[in-house]
Amino acid sequence: MKKILNCFIFFVLVFLNSSNAHANNFAYMIVDGQSGKVMTSHRADELRPPASLTKIMTLYLIFEAIQNGKINLTTRFSVSKRATQQEPCNLWLKMGSTISVKDIIYALVTRSANDMSVTIAEGLSGSVEKFSELMNQKAKELGMTRTKFYNPTGLPDRRQVTTAKDMMTLARALHKNFPKEYAYFKTKTFSFNGKPIRNHNRMLNSFTGCDGIKTGFTFASRFNISVSAQRIAADGKPIRVFAVVLGGQTSVSRDKKTAELMEKAFKKLHATPRMQEVVATQDDVAEADQIDQLVEETEVAEVNEHIQELSQPLQSLPKANNRRNRKNSKAKPKQVKPSPVVKPSQISVSLSDPIEEIIKNPLNVDINRDLPAGWVKAKPNFKSS
């Protein structure tokens with residue numbers, strides 16, 4: 001018993017020592033995407049570990065290489081031994097295997113795969129160190145005055161620091177310079193080797209209008225997020241808000257704080273509280289990808305099957321008990337009228353906002369249980385991103 005207690009105390013001390021002095025406090029910046037006006041900020045110039053927000057710069061350089069014709073989405077890179085030795089989250093590819101640039105992008109956006117960060121860094125520059133130099137050069141060009149990169153993953157390195165202001169500069173630059181590629185960040189799930197990989201950014205599902213971009217976590221940085229959302233103004237024009245929030249104790253508290261700040265910003269900009277209801281047309285369905293079409297067809301088939309079951313006479317339903325059956329035998333059997341079938345050409349998309357429930361009823365979430373999908377509970381010397 002004493003040995004177990006000592007191990008527990010040791011783990012707590014290691015955990016506390018590994019935490020940043022500012023880990024209990026938020027640092028944030030909220031910006032109007034149209035005018036660039038800072039709506040609100042707090043400790044926006046304070047140095048913090050970026051964690052996996054680092055990968056926004058990694059992705060920026062990937063998009064730039066594609067734009068310059070150096071690579072394309074089908075270009076394949078080999079996975080090195082160094083890549084396979086990165087700490088989770090990973091895709092767990094074997095050394096010597098290859099992967100396309102397109103899959104690397106999806107892996108970085110959704111799973112925040114550290115092995116893929118190293119793979120693309122080595123593929124584009126020859127080494128992690130040379131790629132880090134490119135990251136710092138680009139940061140300087142964009143005006144990120146207090147940011148220093150030493151790896152493309154965001155895994156713990158005391159020298160690797162940023163600020164909420166610098167991360168805001170990066171997010172807005174990526175959205176402006178790569179509007180087409182920015183769409184990758186709204187990917188909720190992507191399939192790799194037949195397995196679905198979900199995006200760690202839960203605000204894509206919980207915050208109205210959210211369409212990206214990236215989350216991050218290490219024990220030193222705690223839970224970080226860079227996020228953007230677009231809604232409609234009273235005059236019908238789009239309104240975009242960018243937010244960077246660093247230092248949440250859990251992903252729930254981080255998302256709650258981010259949602260509160262963004263809702264206030266949208267209110268000041270006179271945006272509608274909800275996006276307008278979206279009704280897909282036949283053309284929209286035709287243009288959807290095959291996965292979405294299969295999902296829609298499956299749902300419609302299930303609805304039709306359920307309606308057919310309800311349409312059967314009550315006589316065909318199983319007998320509950322003899323007393324009820326004798327009573328019901330005197331009455332004429334009733335039929336349930338089928339509900340109208342929802343056709344793919346008139347699919348109503350619900351845009352409810354469950355983050356409001358989180359704001360009203362904050363949850364106490366265990367840190368280990370709250371880690372992103374595929375996470376492994378940390379040992380005392382375990383680093384994560």
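Taking amide hydrogens as placed 1.01 Å from N in the peptide plane, the amide H of residue 44 sits under 5 Å from those of 28, each at least 5 positions away in sequence or on another chain. Model label sites at residue 37 and residue 264, defined 7 Å from Cα along the beta-carbon direction, differ in position by 1.6 nm. Amide H contacts for residue 89 (H built 1.01 Å from N in the peptide plane; partners 5 or more residues away or on another chain; cut-off under 5 Å): 114, 385.
Placing pseudo-labels 7 Å out from each Cα toward the beta carbon at residue 95 and residue 45 gives an inter-label distance of 4.7 nm. Coupling constants for the stretch 152-169 follow from the phi torsions by the Karplus curve (6.51 cos²θ - 1.76 cosθ + 1.60, θ = phi - 60°), and in residue order they are x, 9, x, 4, x, 8, 4, 7, 8, 9, 7, 9, 4, 5, 5, 5, 5, 4 Hz; glycine and proline get x.
Summary of the geometry: the stretch 162-196 and the stretch 62-120, compared by the centres of their Cα atoms, lie 15 Å apart. Kindly identify the stretch 73-136 as rounded, prolate or oblate by the Cα gyration tensor criterion: order the square roots of the eigenvalues as a ≥ b ≥ c, call it rounded if a/c is under 1.5, otherwise compare a/b with b/c, prolate if a/b is larger, else oblate. Rounded, since a/c falls under 1.5. Couplings 3J(HN,Hα) for the stretch 117-123, derived from phi with the Karplus relation 6.51 cos²θ - 1.76 cosθ + 1.60 (θ = phi - 60°), are 5, 5, 4, 6, 5, 5, x Hz, where x marks Gly and Pro.
State whether the stretch 157-235 is rounded, prolate or oblate according to the following rule on the C-alpha gyration tensor (a ≥ b ≥ c being the square roots of its eigenvalues): a/c under 1.5 gives rounded; otherwise a/b larger than b/c gives prolate, and the remaining case gives oblate. It comes out oblate by the Cα gyration axes.
Electrostatic tally near residue 247: other residues with Cβ closer than 12 Å to its Cβ, Lys and Arg +1, Asp and Glu -1, net +4.
Treating r as the C-beta distance of residue 235 and residue 191 and R0 as 56 Å, the FRET efficiency rounds to 0.90.
In whole percents, the pair-distance distribution calculated for the stretch 78-222 from its alpha-carbon pairs, binned every 5 Å from zero, is 2, 9, 16, 21, 24, 17, 8, 2, 0.
Ranked by the mean number of other Cβ atoms within 10 Å of their residues, highest first, the peptides 37-44, 50-57 come out as 50-57, 37-44.
Sites listed here are chymotrypsin sites (Phe, Trp or Tyr not before Pro) in the stretch 64-106 whose DSSP assignment is loop and whose Cβ has at most 12 other Cβ atoms within 10 Å: 92.
Taking the Cα centre of the stretch 69-113 as reference, the dipole from Cβ charges on Lys and Arg (+1) and Asp and Glu (-1) amounts to some 140 debye.
Dipole magnitude for the stretch 86-136: about 180 debye, using +1 per Lys or Arg Cβ and -1 per Asp or Glu Cβ, origin at the Cα centre.
Straightening the chain between residue 73 and residue 87 buys 2.5 nm, computed as 0.36 nm per residue apart minus the Cα-Cα spacing. Of the trypsin sites (Lys or Arg not before Pro) in the stretch 57-86, the ones in a loop by DSSP (not H, G, I, E or B) with at most 13 other beta carbons within 10 Å are 70.
No lab work stands behind these numbers, since they all come straight from the coordinates. Keep in mind it's a predicted model, so treat the numbers as computed, not measured. Neighbour counts are summed over all protein chains in view; Cβ atoms, including those assigned to glycine, are modelled from backbone coordinates with ideal geometry.
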